[in-house]
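Trainee: Take a look at the following structure, please.
The values are calculated or read from the model by the stated rules, or taken from the named source; none is laboratory data. Keep in mind that what you see is a predicted model, and the values were worked out from it rather than measured. Backbone-built Cβ (ideal geometry, glycine too); neighbour counts: all protein chains shown. With ligands, DNA and RNA removed, areas are computed over all heavy atoms of the protein, side chains included. Shrake-Rupley method; radii C 1.70, N 1.55, O 1.52, S 1.80 Å.
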Amino acid sequence: MNELIDNHHRKINYLRISVTDRCNLRCVYCMPKEGTSPIGHAEILSYEEMARITRVASEVGISKVRITGGEPLVRKNILYFVKLIAPIENIKDLSMTTNGVLLKNLARPLFESGIKRINISLDSLNPDKYREITRNNCLKEVLEGIKEVVKVGISPIKINVVAIRGFNDDEILDFAKLTLSYPYQVRFIEFMPFGPKNSWAQEKGITSREIKEKIDNFQELLPVDLARKNGPAKIFRFKEAAGEIGFISPLSDHFCSTCNRLRITADGKLRTCLLSDEETDLKVPLREGCSDSELKKIIAGAILKKPKKQAATPSVFKKCSRTMSRIGG
Ligand code: SAM
Ligand code: SF4
């Protein structure tokens with residue numbers, strides 16, 4: 001397999017594929033109540049098209065793939081797609097990010113189809129608050145889904161919590177304490193200024209540092225061996241805990257210098273930076289019958305133009321024209 005190093009000495013080996021922009025929840029910071037007008041079916045890449053891009057990308061150095069969305073589990077025949085991607089020779093790590101609502105029935109077939117790691121987004125353990133943030137009443141389903149993932153043996157299980165002042169800051173310790181008994185990696189993510197109008201405000205953000213201090217005051221957090229670190233999270237644990245606690249700080253400590261990611265949107269645009277609207281269209285060349293080597297060249301060319309860094313400021317986020325549900329968070 002070739003290795004692709006971009007112009008800023010970063011090895012690009014991670015692809016996030018958004019299989020759909022649709023979702024069965026309406027998280028207030030991600031989608032308006034009425035939803036976004038969905039991308040038309042003809043514009044969405046077929047699973048075969050996505051698998052071809054993945055195979056070709058794997059030939060220029062992609063070895064890790066995450067399936068995301070919108071909500072990946074609402075796209076029909078998602079198991080078929082997992083089965084297309086899992087056997088690609090160079091893909092060593094296949095994972096998914098999901099809101100967990102449909103996991104109870106899908107955890108086992110996902111695992112058997114090739115998903116080895118799952119991230120579940122969950123911002124509140126309180127049913128009323130969960131309903132408030134997701135505009136849906138599915139906390140019970142998500143918690144059952146998480147239990148099923150444990151039962152099936154998918155590991156690690158990461159629980160992503162977007163920390164929002166005045167909403168779930170009083171639950172930070174509840175989430176952290178879960179790791180005392182359960183083998184989850186609970187990760188607190190700084191609230192980013194993406195999403196519908198007025199959903200974000202500076203004062204709603206809580207820095208990773210503030211969250212960590214709060215948890216440290218309850219019980220000391222010990223850093224986890226950095227050799228094992230992968231991804232942007234800084235990882236800690238309580239002494240003798242079953243799980244771990246991570247902090248992802250896109251605002252207070254952006255991780256551009258180690259960013260190894262590419263993203264494919266459901267309508268076939270390759271994005272090399274979450275915060276840049278620069279996109280390379282793959283759908284048109286694919287549908288016009290380009291060869292694998294032409295596709296490889298387009299992907300490699302986009303990687304070489306990956307920005308060195310983007311200031312992660314509210315004004316930069318606000319300028320991004322796609323929401324997270326469309327980019328594939
Ligand atoms: N639907 C799936 C889910 O919720 O896990 C996958 C897609 S969702 C866009 C991916 C992640 O983006 C979720 O963990 C969600 O909390 C996060 N996200 C969306 N908008 C965000 C924002 N404004 N700030 C921080 N995280 C955000
Ligand atoms: Fe759906 Fe995920 Fe966005 Fe929530 S964060 S609305 S679950 S895509």
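Trainee: Hey, can you find the accessible area per residue of region 1-117 for me, probe 1.4 Å, expressed in square angstrom? Intermediate values should be presented prior to the final figure.
Mentor: On the way: 4950 Å² over 117 residues.
About 42 Å² of surface per residue is accessible.
Trainee: Same structure again: How tilted is helix 172-181 with respect to the longest principal axis of the chain? Cα atoms for both, answer in degrees (0 to 90, nearest 10).
Mentor: Rounded to the nearest ten degrees, it is 90.
Trainee: Between GLU288 and LYS116, what is the FRET efficiency for a Förster distance of 41 Å, r being their Cβ-Cβ separation, to the nearest 0.05?
Mentor: Efficiency, rounded to the nearest 0.05: 0.70.
Trainee: How many times 2.2 N^0.38 Å is the alpha carbon radius of gyration of region 209-298? Write down the numbers at each step before the final one.
Mentor: Working: Rg = 19.6 Å, N = 90, 2.2 N^0.38 = 12.2 Å.
Output field value: 1.61.
Trainee: If only Cα atoms are counted, what is the Rg of region 1-137, and what is its Dmax, in Å?
Mentor: 16.3, 50
Trainee: Pick from ASP281, ASP169, ASP225: which is most flexible by mean-square fluctuation in a GNM of the chain where alpha carbon atoms under 10 Å apart are linked?
Mentor: ASP225
Trainee: Please report the antiparallel percentage of the DSSP beta bridges confined to region 29-174, to the nearest 5.
Mentor: Numbers: 0 of 12 bridges.
Within region 29-174, antiparallel bridges account for around 0 percent of the total.
Trainee: Lysine pairs in region 1-112 with alpha-carbon atoms under 30 Å apart, 8 or more places apart or on different chains: how many are there?
Mentor: Number of lysine pairs found: 14.
Trainee: Quick one: helix 208-218 against the long Cα principal axis of the chain, what's the angle to the nearest 10°, folded into 0 to 90?
Mentor: With rounding to tens, the tilt is 30 degrees.
Trainee: Remind me, what semi-axes does region 1-82 give for its equivalent ellipsoid, largest first in whole Å, using sqrt of 5 times each Cα gyration tensor eigenvalue?
Mentor: Numbers: eigenvalues 157, 52, 22 Å².
Semi-axis lengths for region 1-82 are 28, 16, 11 Å.
Trainee: Sticking with this structure for a sec: Could you sort LEU282, LEU274, LEU304, LEU251 by accessible area so the largest value comes first, with the probe set to 1.4 Å?
Mentor: On the way: LEU282 0, LEU274 30, LEU304 75, LEU251 55 Å².
Sorted descending by solvent-accessible area, the residues read LEU304, LEU251, LEU274, LEU282.
Trainee: A further question on this structure: Can you divide the C-alpha Rg of the chain by 2.2 N^0.38 Å and report the result to two decimal places?
Mentor: Values: Rg = 19.0 Å, N = 329, 2.2 N^0.38 = 19.9 Å.
Against the empirical 2.2 N^0.38 Å value, I get 0.96 for the chain.
Trainee: Using alpha carbon coordinates only, what is the Rg to Rh ratio of region 116-168, with Rh defined as the Kirkwood radius? Walk me through the numbers before you get to the answer.
Mentor: Details: Rg = 11.9 Å, Rh = 11.8 Å.
With Rg and the Kirkwood Rh in hand, the quotient comes to 1.01.
Trainee: Could you tell me what a quarter of the Cα convex hull surface of region 186-261 works out to, in nm² with one decimal place? Before the final figure, lay out each step's value.
Mentor: Values: hull surface 25.3 nm².
If you wrap the Cα atoms of region 186-261 in a convex hull and average its projections, you get 6.3 nm².
Trainee: Please work out the average accessible area per residue across region 219-270, using the 1.4 Å probe convention, and give it in Å². List each step's numbers first, then the result.
Mentor: Working: 2490 Å² over 52 residues.
So region 219-270 comes to 48 Å² accessible per residue, rounded to a whole number.
Trainee: Which of ILE39, ILE303, ILE245 ends up with the largest GNM mean-square fluctuation for the chain, with Cα atoms connected below 10 Å?
Mentor: ILE39
Trainee: Here is a follow-up. Can you pull out the trypsin sites (Lys or Arg not before Pro) in region 1-84 that DSSP calls coil and that have at most 14 other Cβ atoms within 10 Å? Walk me through the numbers on the way to the answer.
Mentor: On the way: sites: ARG10, LYS11, ARG16, ARG22, ARG26, LYS33, ARG52, ARG55, LYS64, ARG66, ARG75, LYS76, LYS83; in loops: ARG10, ARG22, ARG26, LYS33, ARG75, LYS76.
Listed in order of number, the matching sites are LYS33, LYS76.
Trainee: Moving on. Roughly how many percent of the accessible protein surface of the chain is carbon and sulfur, given a 1.4 Å probe and a whole-percent answer?
Mentor: Numbers: 7710 of 14950 Å².
Result for the chain: 52 percent of the exposed heavy-atom area is carbon or sulfur.
Trainee: A further question follows. Between the DSSP loop rule and a limit of at most 12 other Cβ atoms within 10 Å, which GluC sites (Glu not before Pro) in region 238-288 are left?
Mentor: Counting only loop positions with at most 12 other Cβ atoms within 10 Å, the GluC sites (Glu not before Pro) in region 238-288 are GLU240, GLU288.
Trainee: Okay, next question. To check my understanding: the extent here is largest minus smallest coordinate of the Cα atoms along each principal axis. What are those three numbers for region 83-164, in Å, largest first?
Mentor: Extents along the principal axes: 44, 24, 19 Å.
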